[in-house]
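Visitor: Attaching a single structure in structure tokens format; questions to follow.
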Amino acid sequence: MLNNTIFDIIEEQSILKTTKTKPIVDAIKNRKKITFYYSGPRKPKKDSVKPGYRVKAEVVALGLSKKGNLVMRAYVQPPSTSKKGFAKHGWRTFMLSRMSGTNVTDEIFNEKRPGYKEGDDNGLSVTYVTTDWTNKPEVKKPRIVKQKPSTEPTKQVEPPIEKPSVKGEKPQPQVKSTEPKPTELPQPKPEVKPTKAQEPPKEEPKPEDLPQPKPEDKPTQNPEEDNNLQENLKRIKSLMLL
């Protein structure tokens, strides 16, 4: 009898700590809703289950069915998939071997649904875990990491001091900027109109430059001609007197 009890405890512990059961056990204890995909049997037709997602199911117990299958009891509502609907009630049992894609949400349920009974589930041959309504589950708040203020004094950057130029000191080469200059587009050249050659102003002739009239040349007196002329005049007068 003692050996059977020890065996049952070891078996129970090994079952509840698998990667598939542990999230469900935590959801039952902390009353967190879960979402999962369920693909139940298709035959026989009377025992078939419509496959699909069960959304935000409220799991209240985990244990073994009378056939020895590991099952859980949960309360589900639309939009969850169901063959017979939810007109009578929303209590269902699900085999863990047919569940996939289990997601434990952060949404907590605090309401006891109609038809719920605390303690061991009478529909199960063995009840491993049930919901504990006496404890108020803690809602984990997002952790805010506060950054400690830096104790190191901020270093002030001082502007560079320009040194006065010293005679004989070679000037330091200036570092040219490596930034590319914008490409200069060729600009149209302005039209150059031909300039008329300006003629030099005509200089008015000065009076000195004008041609001056030549002085009249007085005939030079020839003494011989004058004597002949006198003699001729005398002859003419003498003739007139005759």
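Visitor: Could you list, in their original order, any pairs among LYS22/LYS83; LYS32/LYS67; LYS32/LYS88; LYS17/LYS84; LYS17/LYS88 whose Cα atoms are separated by more than 31 Å?
Guide: On the way: LYS22/LYS83 28 Å; LYS32/LYS67 28 Å; LYS32/LYS88 24 Å; LYS17/LYS84 33 Å; LYS17/LYS88 34 Å.
With Cα atoms farther than 31 Å apart: LYS17/LYS84; LYS17/LYS88.
Visitor: While we're on this one: Label the range 73-125 by shape, choosing from rounded, prolate and oblate, from the square roots a ≥ b ≥ c of the eigenvalues of the Cα gyration tensor; if a/c is under 1.5 it is rounded, and otherwise prolate applies when a/b is larger than b/c, oblate when it is not. Present the calculation step by step, with values, prior to reporting the outcome.
Guide: Values: a/c = 1.18, a/b = 1.15, b/c = 1.03.
Since a/c stays below 1.5, the shape of the range 73-125 is classed as rounded.
Visitor: With the crude spin-label approximation of a point 7 Å out along Cα→Cβ, what separation in nm comes out for LYS46 versus GLU231?
Guide: Rounded to a tenth, the inter-label distance reads 20.3 nm.
Visitor: Towards the positive end of the charge dipole of the range 2-130, with charges on Cβ (+1 Lys, Arg; -1 Asp, Glu), say which of VAL25, TRP91, MET72 has the farthest Cα.
Guide: So the residue furthest toward the plus end is TRP91.
Visitor: I'd like the distance separating the alpha-carbon centroids of the range 18-78 and the range 84-118, in whole Å.
Guide: Distance between centres, Cα-based: 7 Å.
Visitor: Next up: For the ranges 59-69, 17-27, 98-108, what's the packing order if you count other beta-carbon atoms within 10 Å of each residue, average per peptide, and put the highest first? Let's see the in-between values first.
Guide: On the way: 59-69: 17.4, 17-27: 15.3, 98-108: 13.5.
In decreasing order of mean packing, 59-69, 17-27, 98-108 become 59-69, 17-27, 98-108.
Visitor: Quote the relative contact order of the range 2-130 in percent (integer), defining contacts as alpha-carbon pairs under 8 Å separated by 6+ residues.
Guide: Working: 220 pairs, mean separation 37.3, N = 129.
It rounds to 29 percent for the range 2-130.
Visitor: Take the Cα gyration tensor of the range 2-130, multiply each eigenvalue by 5, square-root it, and list the three semi-axes largest first, rounded to whole angstrom.
Guide: Working: eigenvalues 111, 61, 43 Å².
Working through the eigenvalues yields semi-axes of 24, 17, 15 Å.
Visitor: Quick check: residue separation of LYS20 and ARG113 times 0.36 nm, minus the Cα distance between them. What number comes out in nm? Working shown, then result.
Guide: Values: separation 93, 0.36 × 93 = 33.48 nm, distance 2.55 nm.
Net length gain for the segment: 30.9 nm.
Visitor: Using 0.36 nm per residue of separation minus the Cα-Cα distance, give me the extension gain between ASP132 and GLN77 in nm, one decimal.
Guide: Result: 17.6 nm gained on full extension.
Visitor: What spacing in nm lies between the two simple spin-label points modelled at TYR53 and ASN69, each 7 Å away from Cα in the Cβ direction?
Guide: In this crude spin-label approximation the distance works out to 2.4 nm.
Readers should treat all values here as calculations from the given coordinates under stated rules, not as data from a laboratory. Bear in mind that the values here come from a model prediction, so they are computed numbers and not experimental data. Here the Cβ is made from the backbone with ideal geometry for all residues, glycine too, and neighbour counts use every protein chain on show.
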